[in-house]
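The block underneath contains the structure these notes are about, expressed in structure tokens.
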Amino acid sequence: MTAKSEGKSLLREVWDALSFSEIRTAMRVVLSHMFVKPVTFQYPREKRTIPDAHRGALGLLRYDDGAERCVGCDLCEAACPSRCIKVVSAENPERPLSRYATEFYIDITKCVFCGYCVEACPVNALAMTKMYEYATADKRQLIFDKKRLYEVGEKHIEDAKRYLYAHNQEKNDAESFQYRYKFPHQVAGLTPPQDS
Amino acid sequence: MALKPVTSPDVEAPPIRLTVDGQQVEAKQGVSLYDVISQTGKTIPAMCYHYTFDPFGSCGMCLVMVEGKKAPVRSCTAKAEAGMVVRCEGEDLFLARKKAVEKHLTVHPLDCPVCDADGHCELQDMAFQHGVTNLVNAKPKGLPEDRRSLVLDFNMNRCILCGECINICKDVQMVDALQFFKKEGTTHVVAKGDEGLVCEFCGDCLAVCPVGAITNKYSKYVYKPWQLKKTTSTCAYCADGCQMYIETSGKGVQRVTSPLSWKNKWGDRAETAKGHGGLCVRGRFGFQYIDSKERLGAPLVRTEEGFAPRSWFEVMDTVIGRLKALKAQHGPNAIAGLITARCTNEELYLFQKLMRTAIGTNQVDSSARYGHLNFTRALQHAAGVGRVMNGYEEITKANVLLLIGTDITETNPVASLRVKEAIRVYGAQAIVATSRMTNIAKLASHPLRIAAGSERSFIQALVKAAVEEDLVDEAATTAAPEAFAALKAAVGGLSWDVLTARTGTSRAVAVESVRLYAEAPKAVILCAEGVTRQVEGYASVLNLVDLAWVTGKLTRPGCGVSALPEEANEQGAVDMGVAPELLPGQALYGDEEARGKFATAWRCSLPPPDPSATLMEILKRCRDGGIKALYLVGENPLATLPASTGVREALEKVELLVCQDPFLTETGRLAHVVLPATTFAEKDGTFTNLEGKVNRVRPALEPYEEARPDWEIFAALGTGLGYPMEYEAAQDVQREIMKLLPGYYNLGEARPVIATPEGYLRNGFAHTVAVRYAAGSEADGARPFALTIGQVLYHSGKLSTRASGLVQLYPSKGRLQMNPEDLAQLQIGPQDVVRVTSAGASVELRTEANPDLARGTCFFPEHFNEPPIKDLAECVVDPTTGVPAFKFTRVAIEKH
Ligand code: SF4
Ligand code: SF4
Ligand code: SF4
Ligand code: SF4
Ligand code: SF4
Ligand code: FES
């Protein structure tokens, strides 16, 4: 304010200073905003509605009969551009000839939420959810293991399904079961979904 | 003939010219058109073709247009003819090939995500290349997986009926264990007889299957190719020196694969004379020991309460302190060392250097002493060649192969493929003299079932027959008339009655065999444990040299005498001078000048040749108390030698027994200190294979827990003992060896061999020959059965018994194998216990019929010792080489 503004007469400057004109202008803006509906959300008291296509934390899904969908094919790992997935697979001792993941890790700190893994998955075992609150003081918690991933999937199953629909990966359970792989063919035991 | 003349150089065919894509090409008439095209550098898709066998023509991918023909033709089965005009590319061909892929895919399950071939599948590649994205009416076969066989699962849903598995098994392995079989309207690949597989389990069928129809039980579903790190290394089981890919994930070794694969189908068949790139059952399926939970994870020290883990620092301090004290008190000859020939060349070199410099004793030996030294010493002495005379190519291209005392298909399976190829492709005659009708004997033109343990007499009979029938080579014998006269006199002293009675063959058989051998332009003798590990093995090898010499086969190219060592680097152990009589490069330790050279290079004086000690002498001195400290590297004499040698007493007597091994062995349990060593898969270095080719060993894994490579431990010990060994890596040792033995590391090629028998024939031959043709003692009538303790295909030494995969294939059965007629005569049933009695011991066990054994012989695998069958044998030490012979004995068998 000390610098002399250009193009103002001295008189005008003195008047502005005496009448606090600048403060008045500022107050006008403040007061006018007090009566406008705020655009920010009062997070965490208030939460936003998230669109179905939103890319949030990843979860692993089960079929409706409780069987793990994931066949441990590792295509998600191959597709992941930031290399944050690790799958260890084996033959399922309980159901010979079926392949499953014995271990599954997603390092969510590295994940760039591109959704490629979900696209790569041939059985729609992976999906993104609307979950985004997993801040922690312990970074190790951010390497999601198989148990955690299935917990996420279970908790957010409806969102996950909506994600898959939104991304054109699944239409509805009955129809998708037509093209969803049951591996290998000679392994029995996957019951088609009841009409949902 | 079903041969492809283009790749069999011996087949005569007129040269022709034809045009491929506008380019003039020369070829031989009648060869596969596909081969002609691939010679021009073009690769056209082919799913049922592999260069190692004849074209089969089932997949319909290798289509080309030949001028004058309306439809595309299959180039693999089409024969090249003069003036053909061939087109390999074009929209029409692309679409025709695409149609072929689609045809395969319409009956395909498309379960790539769970298929073990995913990412390494030719059908997948072809579908991708030809843009097959939309299949209508796909109808998978829906067959159950065939899991009846050991190791291999057959999923016929994925089979494209290319026949590669059947063809490689029939043509290359000559096992012929697989066949097409029609069941309920679908063609399957099944084991012969539609049962579980009975075969050599080489896994070559698995390697060439272009899809996921054959899968490996030991790595089922546990990997995707992109998850694995692939390390090229050399197999550590036998001396064939096969190259292998060790594929590892964070969880250890997941599978082992071979250069032979459907992906390498564009080879030149002439090259297979040097090897086809495959592996045997041990190499491919015996990897589990590498990251086995039984591995030693930390150095152990024996305390009152048993073994206690200690830090490396502490243990090395103890060992060095104890060695120093013993040396100060009793002199350097109170210490001795033994090392296994499964170590790398660098380690073997460093070990003998450590013993001779830092410790200062010449009491150092390796497991090559169990037999291979009989061969190298004899050949060095007689022909100036300290190793086998023939490489793989010479074996493959020999006209006559004389196999004596070798179960080559069991001990050196991939080398046996060279013999098989000689028989199949090059039409060689094979004379196989053995007491077991092994697989190679079944394929041989002249299988001779000789009595067990009579190899020595049989060799004598051959030499005698050659001399008597005048099958001798003029030039060779006239050059050394004195030697020849002496030989003549020596064989004259042998009686045919004795020889035929011992061998169980007639004079006519010996004459026929030797005639065949003598008259062949290229003839190779192959021998192994039945000669080198038997009593008087050294003399027997010299007798074989006699045979080669009198028939003019010793110096002629393409001929020679060769032996098949058992462990991976026995030749290397000899070459690195890990024997009291040898220095690196097989210089004689007794040679003042050679010793001087190494003393200068190592900046230290070397111990005098006296006292030296070989393996058996070392054990004897341990027993007598002369040796107070024994350092064993990978050696397990307690489990190897029969009890009658007093091995246990020797090991219990020493004041300091240090065992360095990846596992806690029987011997290790007696040790005061156990040092954890690594397996070959964690090592850098080289192995010298039986041909004399130096092959790289590369680390595929980090050392298991606290285990360290052997060379590192040697270097630390040397330095601790006051002889600085400052090597940072195995390559530093390698550089030192290169300096001392220039030319040793010509990696990749076996060095040519020139035999120089002149000196040997002139000096001393006449004096020693008579002894070599002495008849020896009579068999004892009270113990009518011959017991051989030998190797089986599925195992190698004791090491393979730590590989769960191989144990599944061939577990310890604890049964004595006998000829079924003998069993019937003695009225022994499978549940009956028999008592087997030898001169010094007896054991009780059950029996098992094995029709491959000659009557009067019985067999027990050397890898197992339940019940303690090895203790039946007595041990005879060769007077010249100190090689202990203990794999053969005479026994009496009675029903209990
Ligand atoms: S792509 Fe799907 S089925 Fe395959 S490993 Fe990943 S989550 Fe499992
Ligand atoms: S064989 Fe090939 S195409 Fe068939 S399922 Fe396996 S990977 Fe897929
Ligand atoms: S494993 Fe070897 S021997 Fe057995 S069927 Fe396959 S190719 Fe033949
Ligand atoms: S099993 Fe494999 S190699 Fe054998 S015919 Fe079928 S696809 Fe070919
Ligand atoms: S054991 Fe011998 S033949 Fe078998 S893969 Fe190893 S080196 Fe080759
Ligand atoms: S490669 Fe010629 S038909 Fe298969």
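The values are calculated or read from the model by the stated rules, or taken from the named source; none is laboratory data. As the structure is a computational prediction, the values presented were derived from the model and not from experiment. Here the Cβ positions follow ideal geometry from the backbone for every residue, glycine too, while neighbour counts run over all protein chains shown. Surface accessibility is based on the protein's heavy atoms, side chains included, excluding ligands, DNA and RNA. Shrake-Rupley method; radii C 1.70, N 1.55, O 1.52, S 1.80 Å.
Any chance you could run the full-extension gain for B:ASN137 through B:GLN808? It's 0.36 nm times the residue separation minus the Cα-Cα distance, nm to one decimal.
Details: separation 671, 0.36 × 671 = 241.56 nm, distance 4.23 nm.
Stretched fully, the B:ASN137-B:GLN808 segment lengthens by 237.3 nm.
On the Cα set of the range B:700-837, report Rg and Dmax in Å, please.
Here Rg and the maximum Cα pair distance are 26.0, 66 Å.
Just to confirm the filter: which GluC sites (Glu not before Pro) across the range B:79-113 are DSSP coil and have at most 15 other Cβ within 10 angstrom of their Cβ?
Loop-located and lightly packed - B:GLU81, B:GLU89.
Output the pairs from B:LYS70/B:LYS265; B:LYS274/B:LYS683; B:LYS79/B:LYS224 with a Cα-Cα distance over 31 Å in this structure; if there are none, say none. Write down the numbers at each step before the final one.
Details: B:LYS70/B:LYS265 29 Å; B:LYS274/B:LYS683 26 Å; B:LYS79/B:LYS224 39 Å.
In this structure, B:LYS79/B:LYS224 lie more than 31 Å apart at Cα.
For B:LYS274, what accessible surface area do you get with a 1.4 Å probe? Give it in Å², rounded to 10.
Approximately 90 Å² for this residue.
Using a simple spin-label model with points 7 Å from Cα along the Cα→Cβ vector, what separation in nm is obtained for A:ARG48 and B:ASP92?
Output for this residue pair reads 6.2 nm.
Compute accessible area for the range B:105-145 by itself and then with all protein chains, 1.4 Å probe, and report residues whose area falls by 30 Å² or more.
The answer is B:ASP111, B:PRO113, B:VAL114, B:GLU145.
Taking 7 Å along the Cα-to-C-beta vector as the label spot, tell me the B:ALA775-B:ARG507 distance in nanometres, rounded to one decimal.
1.5 nm
I need the per residue convex hull volume for the range B:372-563, using only the alpha carbons, in cubic angstrom as a whole number. Each step should come with its number before you reach the end.
Working: hull volume 19.1 nm³, N = 192.
Output value, Cα hull per residue: 100 Å³.
Pull up all non-local amide H partners of B:ILE16: gap of 5 or more, or a different chain, and H-to-H distance under 5 Å with H placed in the peptide plane.
Long-range HN contacts for B:ILE16: B:ALA27, B:LYS28, B:GLN29.
Give the aspartates and glutamates whose C-alpha is closer than 13 Å to that of B:LYS870, dropping any in the same chain fewer than 8 places away, or say none.
Straight-distance partners of B:LYS870: B:GLU844, B:GLU862.
Among B:GLY391, B:PHE484, A:VAL14, whose Cα lies farthest out toward the positive end of the dipole of the protein assembly as shown, if unit charges sit on the beta carbon of Lys, Arg (+1) and Asp, Glu (-1)?
A:VAL14
Any idea what diffusion coefficient the range B:656-718 gets from Stokes-Einstein, in µm²/s, Kirkwood Rh on alpha carbon pairs, 4 °C, 1.567 mPa s? Don't jump to the answer; show the numbers that get you there.
Working: Rh = 12.9 Å.
Answer from the Stokes-Einstein relation: 100 µm²/s.
Name the residues whose placed amide hydrogens come within less than 5 Å of the amide hydrogen of B:LEU588, ignoring near sequence neighbours (fewer than 5 apart) on the same chain.
Here B:LEU583 satisfy the definition.
In square nanometres and to one decimal, what's the mean projected area of the convex hull around the Cα atoms of the range B:63-111? Kindly include the intermediate steps, with their values, before the conclusion.
Values: hull surface 17.1 nm².
About 4.3 nm², averaged over all directions.
Let's see if you can work this out: charge +1 on each Lys and Arg Cβ, -1 on each Asp and Glu Cβ, no other charges. What is the dipole magnitude of the range A:58-188 about its Cα centre, in debye to the nearest 20? Kindly include the intermediate steps, with their values, before the conclusion.
Numbers: 19 positive and 20 negative charges, 46 e Å.
It works out to roughly 220 debye.
Test of understanding: extend the Cα→C-beta vector of B:GLU706 to 7 Å, then name every residue of the range B:672-695 with backbone N under 12 Å from that spot.
B:674-677
List, in order, the whole-Hz ³J(HN,Hα) value for each residue of the range B:400-417 obtained from phi through the Karplus relation with A = 6.51, B = -1.76, C = 1.60 and θ = phi - 60°; use x for Gly and Pro.
These are the phi-based 3J(HN,Hα) values: 10, 10, 10, 9, 10, x, 9, 9, 4, 5, 8, 8, 10, x, 7, 5, 5, 5 Hz.
For the range B:586-601, take each phi angle, set θ = phi - 60°, evaluate the Karplus expression 6.51 cos²θ - 1.76 cosθ + 1.60, and give the result in whole Hz per residue in order, putting x for glycine and proline.
Taking θ as phi minus 60°, the curve returns 6, 5, 6, 5, x, 7, 3, 5, 4, 5, x, 4, 6, 4, 5, 4 Hz for the range B:586-601.
Short version: ³J(HN,Hα) in whole Hz for each residue of the range B:276-284, in order, from phi by Karplus 6.51 cos²θ - 1.76 cosθ + 1.60 (θ = phi - 60°), x for Gly and Pro, what are they?
Per residue, the Karplus-derived 3J(HN,Hα) values read 9, x, x, 10, 9, 4, 5, x, 7 Hz.
Given a Förster distance of 25 Å, report the FRET efficiency between B:VAL876 and B:LYS442 from their Cβ-Cβ distance, rounded to the nearest 0.05. Provide the component values of the computation, followed by the final result.
Numbers: r = 32 Å, r/R0 = 1.26.
Computed FRET efficiency for B:VAL876 and B:LYS442: 0.20.
Given +1 on the Cβ of Lys and Arg, -1 on the Cβ of Asp and Glu, and no further charges, what dipole in debye does the protein assembly as shown carry about its Cα centre, rounded to the nearest 20? Let's see the in-between values first.
On the way: 126 positive and 131 negative charges, 451 e Å.
Its charge dipole is roughly 2160 debye.
How many percent of Cα pairs in chain B exceed 42 Å? It would help to have the intermediate numbers written out before the result.
Working: 152416 of 400960 pairs.
More than 42 Å apart: 38 percent of the Cα pairs in chain B.
To the nearest Å, what is the center-to-center distance of the range B:62-136 and the range B:473-489, using C-alpha atoms only?
65 Å
With a 1.4 Å probe and all protein chains left in place, how much of the accessible area of the protein assembly as shown comes from carbon and sulfur atoms, in whole percent? If you can, show how the numbers build up before the last one.
On the way: 23860 of 44570 Å².
C and S atoms contribute 54 percent here.
Over the protein assembly as shown, with the other protein chains present, what is the accessible area per residue in square angstrom, probe 1.4 angstrom?
On the way: 44570 Å² over 1092 residues.
Roughly 41 Å² per residue, with all protein chains present.
Among the lysines in the range B:372-563, how many pairs, 8 or more places apart or on different chains, have alpha carbons under 25 Å apart?
14
Which number comes out as Rg/Rh for the range A:58-188 once both Rg and the Kirkwood Rh are worked out on C-alpha atoms?
On the way: Rg = 14.3 Å, Rh = 15.0 Å.
Using Cα coordinates only, the ratio equals 0.95.
Rounded to the nearest 0.05, what FRET efficiency do B:ALA71 and B:GLN129 give with R0 = 22 Å and r taken as the Cβ-Cβ distance? Could you check? Write down the numbers at each step before the final one.
Values: r = 22 Å, r/R0 = 0.99.
That gives a FRET efficiency of 0.50.
Residues with amide H under 5 Å of A:ALA101's amide H, sequence separation 5 or more or different chain, H placed in the peptide plane at 1.01 Å from N; which?
Those lying under 5 Å, H to H, from A:ALA101 are A:GLY72.
Consider a paramagnetic label point 7 Å from the Cα of A:GLU151 along Cα→Cβ; state which residues of the range A:103-126 have an amide N under 16 Å from it.
A:104-108
For chain B, give the magnitude of the charge dipole about the Cα centre (Cβ charges: +1 Lys/Arg, -1 Asp/Glu; no others), in debye to the nearest 20.
Dipole magnitude for chain B comes out near 1220 debye.
For the pair B:HIS896/A:THR136, report the inter-label distance in nm, with labels modelled 7 Å from Cα in the Cβ direction.
Going from the B:HIS896 label point to the A:THR136 one covers 6.1 nm.
Taking 0.36 nm per intervening residue step and subtracting the Cα-Cα distance, what contour gain separates B:THR187 from B:GLN24 on full extension?
Length difference between fully extended and current span is 54.6 nm.
Take the alpha carbon atoms of the range A:96-164, find their center, do the same for the range B:588-649, and report the distance between the two centers in whole angstrom.
Spelled out, the Cα-based centre of one part sits 62 Å from the other.
How large is Rg over Rh for the protein assembly as shown, taking Rg from the Cα atoms and Rh as the Kirkwood inverse mean of 1/r across Cα pairs?
Taking Rg over the Kirkwood Rh, I get 1.08.
Taking only DSSP H segments of four or more residues, each worth -39500 (n - 2.57), what value at 222 nm results for the protein assembly as shown once the sum is divided by all its residues, to the nearest 500 deg cm²/dmol?
Values: 38 runs with 326 residues, N = 1092.
Result for the protein assembly as shown, helices only: -8500 deg cm²/dmol.
What's the buried accessible area, both sides, between B and A using a 1.4 Å probe, rounded to 100 Å²? Provide the component values of the computation, followed by the final result.
Working: alone 32830 and 13450 Å², together 44570 Å².
Counting protein atoms only, the buried area is about 1700 Å².
Pairs of lysine in the range B:102-187 with Cα under 16 Å and at least 8 positions apart or on different chains: total? Could the numbers behind the result be given before it?
Numbers: B:LYS103/B:LYS139; B:LYS103/B:LYS141; B:LYS141/B:LYS182; B:LYS141/B:LYS183.
Lysine pairs satisfying the spacing and distance rule in the range B:102-187 number 4.
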